[in-house]
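**Q** Let me give you the structure first, and then I'll get to my questions.
No value in this document is a laboratory result; all are computed from the given coordinates. This is a predicted model, so every value here is computed, not measured. In this analysis, Cβ positions are derived from the backbone assuming ideal geometry, glycine residues included, and neighbour counts consider all displayed protein chains.
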Amino acid sequence: MTFRVDTPVLPSTVVAADGWSPSSWTSKPVLQDVDYPDQAHLNRVLEKIGRLPPMVAPGEIHRLRQQLADVAQGKAFLLQGGDCAELFDYCSQSPIEAKLKVLLQMSLVLVWGARMPVVRIARMAGQYAKPRSKPTEMHEGQEILSYRGDNVNGYDPADRSPDPERLLGAYFHSAATMNYVRSILAEGFADLHHPSNWNLHHVKSSTLRQEYQTIVDRLTDALDFMKTIGADPNAGGAKSASPLSSLSTVDIFTSHEGLLLEYEQALTRKMIDPTNSSQQKYYNVGTHFLWIGDRTRQLNGAHVEYFRGIENPIGVKCGPSMKPDELVALLDILNADKQIGKVTLITRYGVDQVDKYLPGHIKAVQESGHVVVWACDPMHGNTKQSVSGVKTRHLIDITRELSQAIRIHKQYNSHLGGVHFELTGDRVTECVGGSMELLDAELLDRYETHCDPRLNYEQALDMAFLIAKYQEKQRGFSGVMSL
């Protein structure tokens, strides 16, 4: 068998931001940089990564851009979630399926509550690097380098020297994860016909368990009704090509914090714009969505310089240190054309700080003319030290910050378009509370995170049910989400 491959004629027009190139960030101050002991080794690895094929396609990136534009305009809801610091060991069948399962089940509950599409973005297939407050830490009386994520160094104290080969490992683990995700989604893993498989025995309150079960039962009835009237393309016979095929297949996009700029530059490619074949633009083809962390969003910094030139949709973490005028200046740099939904503002204040900072940020953005996606990250600002001696988060704080964000957006005629959670599909014990009433004394039972505490499977579903209950009320009358 032979195949004919026609070589495409590349267009001559290259569209890029003024004065920008994939390497222009190198002229700016770099925070959270990694000091590699062997620069020549690093250069060889980056050259290799630069020759490897893209992991995502421009068409996928533009599809996410359009969906986020819908979120920004109140036509869809954003669910973004996954591990705080992804490990190479998570590139395995069971962890991948568990994470997809919880995201899909959460999104189905949210679709039911809001009666609108849900855009699903996983913190997955690339979230291997983590910023740290200090480059070193103390271990058994000795100062050692901090763990910076699996794509930099090892968690074992004896393996803390930065190793360029780990960047290559990041590429191949990301590619393998994406390949398996695509494969199982194509085979029907996302089929929405199985809410009966949900186990709600973890819910200790009988009243709350009944509320959750009512939602699951109504979902089941709705899906059965669609099957009965023939709206379900999988009810029998050949698969339909109608839009209703989304009952069994969904979009799941990937994301990570764009922290290691050498790696991101190696994955930035000049490619044909699928919306205008006469132009080439620059895409980061290592993921669909990247975000700038709260520690690396300086206006004159290297990360902002890199992010302003790529076509991917981007996120910006906004905390108490972000001044309103600084936020507007940042948006003007990152999205000079004011494209709707290009930027997602991920707010992370802490439950006691939301009222103080969110109103000023909302008003500044409204007056600037930018139309952004507002997403609430109610986790990062609510990390505490537990009695057990490990970091934790309390679901009551997470719920309260989210509830306050919803209320403030309504008060200022704005729209909270989504949520951003650190979560896992596994039954870990890292956050306190929820319907399973996890206690501080139980944290060490399965405390597995190498960085920040995550919602477990049950707690993640708790958040989805709470949001869905609020959204259902909003369709009929005004209310405020509460536990």
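**Q** Could you list log10 I(q)/I(0) for the stretch 331-403 at q = 0.21, 0.26, 0.27 Å⁻¹, which the Debye formula gives when each Cα is one point scatterer?
**A** Listed by q, the Debye log ratios stand at -0.89, -1.13, -1.17.
**Q** Using a 7 Å offset from the Cα along the Cα-to-Cβ direction at both residue 439 and residue 407, what is the distance between the two label points in nm, to one decimal?
**A** About 3.1 nm separates the two model spin labels.
**Q** Could you point to the label whose value was computed as Cα extents along the principal axes in Å for the structure here, given [x] 65, 62, 52; [y] 61, 58, 44; [z] 128, 67, 51?
**A** This structure yields the entry labelled [x].
**Q** Determine, from the Cβ-Cβ distance of residue 159 and residue 329 and an R0 of 41 Å, the FRET efficiency 1/(1 + (r/R0)^6), rounded to the nearest 0.05.
**A** Computed FRET efficiency for residue 159 and residue 329 comes out at 0.50.
**Q** Further question on the same structure: Between residue 450 and residue 228, what is the label-to-label distance in nm when each label sits 7 Å out along the Cα-to-Cβ direction?
**A** 5.1
**Q** Suppose every Lys and Arg Cβ carries +1 and every Asp and Glu Cβ carries -1, with no other charges. What dipole size does the chain come out with about its Cα centre, to the nearest 20 debye? Write out the running numbers ahead of the final one.
**A** Values: 50 positive and 57 negative charges, 259 e Å.
So the magnitude is around 1240 debye.
**Q** Going through the cross-link list 391/469; 134/384; 342/410; 317/363; 28/363, which pairs have a Cα-Cα distance over 20 Å in this structure?
**A** 391/469; 342/410; 28/363
**Q** So what is the 222 nm mean residue ellipticity for the chain from helices alone, if each DSSP H run of at least 4 adds -39500 (n - 2.57) and you divide by all residues, rounding to the nearest 500 deg cm²/dmol?
**A** Helices in the chain give a 222 nm mean residue ellipticity of -11500 deg cm²/dmol.
**Q** Which listed residue (402, 383, 369) has the Cα farthest towards the positive end of the charge dipole for the stretch 333-483, taking +1 on Lys and Arg C-beta and -1 on Asp and Glu C-beta about the Cα centre?
**A** 369
**Q** Of 178, 302, 79, which is farthest along the charge dipole of the chain in the positive direction, counting Lys and Arg as +1 and Asp and Glu as -1 at C-beta?
**A** Farthest towards the positive pole: 79.
**Q** Leaving out same-chain residues fewer than 8 places away, which aspartates and glutamates sit with a Cα under 15 Å from that of residue 473?
**A** Residue 473 reaches 211.
**Q** Separate question: Taking only C-alpha pairs under 8 Å that are 6+ residues apart, what is the relative contact order of the chain in percent? It would help to have the intermediate numbers written out before the result.
**A** Values: 876 pairs, mean separation 101.1, N = 483.
RCO, the chain: 21 percent.
**Q** Please list the equivalent ellipsoid semi-axes of the stretch 53-141, computed as the square roots of five times the alpha-carbon gyration tensor eigenvalues, in descending order and whole angstrom.
**A** Gyration-tensor ellipsoid for the stretch 53-141: 30, 17, 15 Å.
**Q** Relative contact order for the stretch 282-421 using alpha-carbon pairs under 8 Å, separation at least 6, rounded to a whole percent? List each step's numbers first, then the result.
**A** Working: 223 pairs, mean separation 29.1, N = 140.
Once normalised by length, the contact order is 21 percent.
**Q** Restricting the count to DSSP beta bridges whose residues both fall in the chain, what percent are antiparallel, rounded to a multiple of 5?
**A** 30
**Q** Additional query: Just how large is the dipole of the stretch 352-483 about the Cα centre, in debye to the nearest 20, putting +1 at every Lys and Arg Cβ and -1 at every Asp and Glu Cβ?
**A** 580
**Q** Right, here's the next one. Let me have the relative contact order for the stretch 1-132, percent, based on Cα pairs under 8 Å that are six or more residues apart.
**A** Numbers: 69 pairs, mean separation 35.3, N = 132.
Relative contact order of the stretch 1-132: 27 percent.
**Q** Now, a different point. Are there DSSP H segments in the chain that both extend 27 Å or more along their axis (alpha-carbon positions) and score a mean Kyte-Doolittle hydropathy of at least -1.0? List them, or say none.
**A** Helices meeting the criterion: 93-114, 165-186, 206-228, 457-476.
**Q** Report the semi-axes of the equivalent ellipsoid for the stretch 62-108 in whole Å, largest first, where each axis is √(5λ) for an eigenvalue λ of the Cα gyration tensor.
**A** Calculated on Cα positions only, the semi-axes equal 26, 12, 9 Å.
**Q** Using only the alpha-carbon atoms of the stretch 34-193 as identical scatterers, what base-10 log of I(q)/I(0) does the Debye formula give at q = 0.10, 0.17 Å⁻¹?
**A** Those come out to -0.49, -1.10, one per q.
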